[in-house]
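Read the figures in this text as sums done on the coordinates, not as results from a lab. Given the structure is predicted, the values throughout are model-derived calculations rather than measurements. With ideal geometry, Cβ positions are generated from the backbone for all residues, glycine too; neighbour counts draw on all protein chains shown.
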Amino acid sequence: MIMEEHWKLVYVIGILALGFAVKSNADGSISCGFPAIYNFGDSNSDTGGISATLNEILPPNGETFFGHPAGRASDGRLIIDFIAEGIKLPYLSAYMDSIGTNFRHGANFATGGSSVRPPGFSPFNLGIQISQFIQFKARTTTLYNQISLNRRIPLSISNLPRPAEFSQALYTFDIGQNDLGHGFQTMSEKQARDSIPDIVGELSKAIHILYNEGARFFWIHNTGPLGCLPYNVIYGKKPGNVDKNGCVKAQNEAAMEFNKQLKNKITWFCRSI
C-alpha cells in the first residue's frame, strides 16, 4: 500500500511547468494563450515520426478514434493530442513527415523508440530532436526575414509558425522510458539505476538549450510504471521480482527514482534561472 501511494504521488508531482500563460476571453472565461506546441519524446507522444521514417504503423492502431492508423502506436489519441485539444490547437504534425503536414501551430519531434541518450532503440535521440528544432526555428525565421518587405504571405510559409511565436509556445517533453528499458535489457539492475542521474542530467541540458533559444513555457512529463509494460511483464519476470499486480518491481522502483530525480532537477532549474 505504501508503494502504491508513493507511486501515485511521484507520478502526479512529476508533471511540472516552468511557466504558464493564460488569456481572458470576451465572455470572461480564461484559456491558455499558447499559439503553438513543440513536443519532444518517444512513442508515448509520437504522432507520425517513426511511421514516416522507419516503420509504418499498421492496424488495429487508430481504430477507436481516427478509424485508421494515424502514426500513433495507439488505438486512439495520445496525451499530447488531449493537450492540443485542451488549448484549442490542431493535432501536431510530425516533423519527420513530408506528406500533408502543417506546422503553423507547432511541430512534433518525438519518434517511437527514442531515448534521452544514445544509443537506444531509435537513432532519433533527444539531442537529435533538439537539433531538429533549432534548425526548424532558424530556417523559419530566415524565411520570414527574407520576405519581411512583402506584405503578402506566400503559400510556402502559410503552414509555418510566426517567428515571434516561438517564445510564446508550449514546449512539452515525454521521454526517458526507453533509456530505462534499454538499460534493464543491456545492464545489471544496479547499473541501470546508477545511470539515472546522467539521463536526468541530459534531459535537463536539453531543456536548458531550449530556454536559451527563447522557450519559456514547459510541460515536463515523468515516466510511468515501466515494470507494468506488457513486454516487461512477459519477458522481464524473475523469481522474487514481481509485485502483487504482476509487474516487475525493480523496474517500477527505477521509474519512481527517475521521477524523483527529474522533479528535483527541474525544481532546481526553476530556482536558478
* Give the long-range amide H neighbours of GLY176: residues separated by 5 or more places, or on another chain, with amide H under 5 Å away, using H modelled in the peptide plane at 1.01 Å from N. => VAL116
* To do: Would you mind calculating the relative contact order of the chain from Cα pairs under 8 angstrom and at least 6 residues apart, reporting the percent as a whole number?
  => 22
* To do: Would you mind ranking ARG162, ARG72 so that the residue whose beta carbon has the fewest other beta carbons within 10 Å leads the list?
  => ARG162, ARG72
* If the label point is 7 Å along Cα→Cβ of ILE134, which residues in segment 91-123 have backbone nitrogen under 20 Å from it? -> 95-96, 107-111, 115-119, 123
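Using a cut-off of 13 Å between beta-carbons, work out the net charge of the residues near ARG77 (Lys and Arg +1, Asp and Glu -1, ARG77 not included). Write down the numbers at each step before the final one.
Working: positive: ARG72; negative: ASP46, GLU63, ASP75, ASP81, GLU85.
Net charge around ARG77: -4.
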* Taking each full run of DSSP H in the chain as one helix, which ones are at least 15 Å long along their axis (Cα atoms) and have mean Kyte-Doolittle hydropathy of at least 1.0? -> none
* To do: Return the sequence-ordered ³J(HN,Hα) values of segment 221-227 in whole Hz as given by the Karplus equation 6.51 cos²θ - 1.76 cosθ + 1.60 applied to θ = phi - 60°, using x for Gly and Pro.
  => 8, 7, 9, x, x, 3, x
* Under 5 Å, built H, 5+ apart or other chain: amide partners of PHE218 -> LEU18, GLY19, TYR171
* Determine the percent antiparallel among the DSSP beta bridges restricted to the chain, to the nearest 5. => 25
* **Separation of the HIS68 and GLU189 label points, Cα + 7 Å toward Cβ, nm** => 4.7
* Asked: Per the Kirkwood definition applied to all pairs of different Cα atoms, how many angstroms is the hydrodynamic radius of the chain?
  -> 19.8
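How would THR186, THR141 line up from fewest to most surrounding beta-carbon atoms within 10 angstrom? The partial results should precede the final answer.
Working: THR186 10, THR141 16.
Fewest to most other Cβ atoms nearby, the residues stand as THR186, THR141.
Pairs LYS190/LYS237; LYS190/LYS238; LYS190/LYS260; LYS190/LYS249; LYS238/LYS260: which exceed 21 Å Cα-Cα?
On the way: LYS190/LYS237 17 Å; LYS190/LYS238 16 Å; LYS190/LYS260 17 Å; LYS190/LYS249 13 Å; LYS238/LYS260 26 Å.
Pairs exceeding 21 Å: LYS238/LYS260.
Highest mean first, how do 121-130, 102-111, 78-87 rank when packing is the count of other Cβ atoms within 10 Å averaged over residues? Intermediate values should be presented prior to the final figure.
Values: 121-130: 20.9, 102-111: 24.3, 78-87: 17.7.
Averaged packing, sorted descending, gives the order 102-111, 121-130, 78-87.
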* **Spacing of the two label points (7 Å from each Cα toward its C-beta) at GLU56 and LYS244, in nm** => 4.7
